[in-house]
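This report concerns only the one structure given below.
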There are 2 protein chains.
Amino acid sequence: LFRFARLRPLSRRKQNPIPGDTVPKAVVSRLSLYLRELQRFVRGGGTTINSSQLGEILGITAAQVRKDFACFGQFGYPGIGYRCEELIAVIRGILGTDRIWPVALVGCGNLGQALLGYRGFGRQGFSVVLAFDSNPTMVGRTIGGLTIRDLSNLADDLAEYSVRMAILAVPASAAQQVVTQLVDAGITGILNFAPVTLSVPDMVTVAEVDLAIELEQLSFAVVKQLEKP
Amino acid sequence: LFRFARLRPLSRRKQNPIPGDTVPKAVVSRLSLYLRELQRFVRGGGTTINSSQLGEILGITAAQVRKDFACFGQFGYPGIGYRCEELIAVIRGILGTDRIWPVALVGCGNLGQALLGYRGFGRQGFSVVLAFDSNPTMVGRTIGGLTIRDLSNLADDLAEYSVRMAILAVPASAAQQVVTQLVDAGITGILNFAPVTLSVPDMVTVAEVDLAIELEQLSFAVVKQLEKP
């Protein structure tokens, strides 16, 4: 229990500060995959797992697994491997999904309204606390408990709710102009659903939503199915 | 040119049949990542790339890269590495995204309507040719050039358009019942937007859309930003 407490996110951040840009983007991506598989493993009754098992699940070598985690500290136990619940807590702490992030939804058309009903945001610790639209016929309407605002008071609205992240669900033609407004108003992270590449300052991160991987995996499976004798 | 022609999907499938379930799921996932990075590399002016470079971009070892491609055949040239355009064509052939797949959209609420306008499907070779909804007030309406049908004639409608894949955008409460209908009508691949785990026969593949990875990467970047002095 003592060891576990020492490894909780708050302590970890003090003892092993996240080494900024020195962690390769690919390693951070794999943290999400490790997390997914560890959670599945625990649901299946697992309690400890070693780097060979984790590597096998993800199709990478055990050495790669150990190297990935070594970017953030020392989490394994000799002869045991990793304690799953502990490793899950550590990874969620590194990824920052062990807390609640207030986020703003910008664009309340069909996609925006669908996203307001998407329960996955809550599961990942994202709480949509503000909704914006530029269409005067949308402003003032209440959807999913949120009253849609126009963008005229953006900076104050974001500051009032301590919002640093935005979900962008506007048409491609409007996206860049809205993003410039968001960045000026203090947004540092954007989940972009608009099918356009955004230009942002270095300190702002844009995560693109791209269904290509899911579509390709599906296509592969169907091809395989069709080719069976 | 001769070599390239020999490596086109049709020939490849004859010479190196896709070895069914022997290819680990993680390797198939990485094919999507290789494809993305190769396309980016080509846009930047690159023409050939070796396994070390590809590994570095993806944060895995060169040996892992070579092992991944070896699942499907021999694509590299000694002393040159991989010819990017050729490797892109090969990977698209393996994934099956080098052809057009007709797909059916099931569920035409906010999310379904947003998906009807999503251009990424077309870029990946998916063409939405049928749209279904169970709501009588939706049936008969035309959205994005498609007239919404009810599910009463599903098997015939799918057969008429040779549809094997469906995009599921119905409420979670209706999802399993609709999936059972789809499978009975001959659907073998489902892109699932409903936040629920579906039960399907072995020969049917379900790709879950899960924004967790994008959200986690965004959260990581914002945490890093906030922790900067």
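Write down the Å³ per residue value for the convex hull defined by the alpha carbon atoms of the stretch A:119-219.
It is 136 Å³ per residue.
Please compute the length gained on full extension between residue B:39 and residue B:206, using 0.36 nm multiplied by the number of residues separating them and subtracting their Cα-Cα distance. Intermediate results must be reported in sequence, preceding the final value.
Working: separation 167, 0.36 × 167 = 60.12 nm, distance 2.63 nm.
Working it through step by step, the gained length comes to 57.5 nm.
Under a Cβ-only charge scheme (Lys and Arg +1, Asp and Glu -1), can you give me the dipole magnitude of the protein assembly as shown about the Cα centre, in debye to the nearest 20?
Dipole about the Cα centre, nearest 20: 1400 debye.
With all protein chains present, how much of the accessible area of the protein assembly as shown (probe radius 1.4 Å) comes from carbon and sulfur, to the nearest whole percent?
After summing per-atom areas, the C and S share lands at 53 percent.
Step through the table entries A:25/A:228; A:25/B:67; B:67/B:228; A:67/B:25; B:67/B:224, compare each Cα-Cα distance with 30 Å, and write down the pairs that go over it. Provide the component values of the computation, followed by the final result.
On the way: A:25/A:228 38 Å; A:25/B:67 22 Å; B:67/B:228 39 Å; A:67/B:25 22 Å; B:67/B:224 34 Å.
Those over the limit are A:25/A:228; B:67/B:228; B:67/B:224.
Any idea which of A:187, A:79, A:152 is furthest toward the positive side of the dipole for chain A, if Lys and Arg beta-carbons carry +1 and Asp and Glu beta-carbons -1?
A:79
Let me know the Rg and Dmax you get for the protein assembly as shown when you use only its Cα atoms, in Å.
23.0, 66
Just add up the charged neighbours of residue A:84: K/R +1, D/E -1, any other residue whose Cβ is under 11 Å from the Cβ of residue A:84.
0
Mind checking the per residue accessible area of the stretch B:19-166 for me, 1.4 Å probe, whole number of Å²? Walk me through the intermediate numbers first.
Values: 6720 Å² over 148 residues.
So the stretch B:19-166 comes to 45 Å² accessible per residue, rounded to a whole number.
Using helices alone, what [θ] at 222 nm do you get for the protein assembly as shown, with -39,500 (n - 2.57) per DSSP H run of 4 or more residues, divided over all residues and rounded to the nearest 500? Show your work: numbers first, answer last.
Numbers: 22 runs with 214 residues, N = 458.
Calculated at 222 nm, the ellipticity per residue is -13500 deg cm²/dmol.
Roll a 1.4 Å probe over the protein heavy atoms and report the accessible area of residue B:147 in Å², nearest 10.
Per-residue accessible area (residue B:147): approximately 70 Å².
Please give the length that would be gained between residue B:173 and residue B:160 if that part of the chain were fully extended, namely 0.36 nm times their separation in residues minus their C-alpha to C-alpha distance (nm, one decimal).
Working: separation 13, 0.36 × 13 = 4.68 nm, distance 2.87 nm.
Length gained, residue B:173 through residue B:160: 1.8 nm.
Any chance you could run the full-extension gain for residue A:147 through residue A:226? It's 0.36 nm times the residue separation minus the Cα-Cα distance, nm to one decimal.
Using 0.36 nm per residue and subtracting the Cα-Cα distance, I get 23.6 nm.
Which parts of the stretch B:117-131, residue by residue, lose 30 Å² or more of accessible area when the rest of the protein chains are there, as against the chain isolated (1.4 Å probe)?
For the stretch B:117-131, once contacts with the other chains are taken into account, B:118, B:119, B:124, B:126 lose 30 Å² or more.
Ballpark to the nearest 100 Å², how much total accessible area do A and B bury together, probe 1.4 Å?
So the buried area, both faces added, is about 6100 Å².
Report, please, the projected area of chain B averaged over directions, based on the convex hull of its C-alpha atoms, in nm². Please report the intermediate quantities before stating the final value.
Numbers: hull surface 66.7 nm².
If you wrap the Cα atoms of chain B in a convex hull and average its projections, you get 16.7 nm².
In units of 2.2 N^0.38 Å, what is the alpha-carbon radius of gyration of the stretch B:74-158?
1.56
Using alpha carbons only, what's the Rg to Rh ratio of the stretch A:17-72 with Rh from Kirkwood?
Ratio of gyration radius to Kirkwood radius: 0.99.
For the stretch A:53-108, max minus min Cα coordinate along each principal axis, in Å, sorted largest first?
The Cα atoms of the stretch A:53-108 stretch 51, 22, 18 Å along the principal axes, largest first.
Counting only the backbone N, which residues of the stretch B:56-88 are under 19 Å from the spot 7 Å out from the Cα of residue A:63 toward its beta-carbon?
Counting backbone N atoms under 19 Å from the label point, the list is B:56-70.
Between 0 and 90 degrees, rounded to the nearest ten: what's the tilt of helix B:172-184 against the longest Cα principal axis of chain B?
That works out to roughly 80 degrees.
The values are calculated or read from the model by the stated rules, or taken from the named source; none is laboratory data. Note that the structure is a prediction, hence the values are computed from the model and not measured. Backbone-built Cβ (ideal geometry, glycine too); neighbour counts: all protein chains shown. Heavy atoms of the whole protein, side chains included, go into the accessibility calculation; ligands, DNA and RNA do not. Shrake-Rupley method; radii C 1.70, N 1.55, O 1.52, S 1.80 Å.
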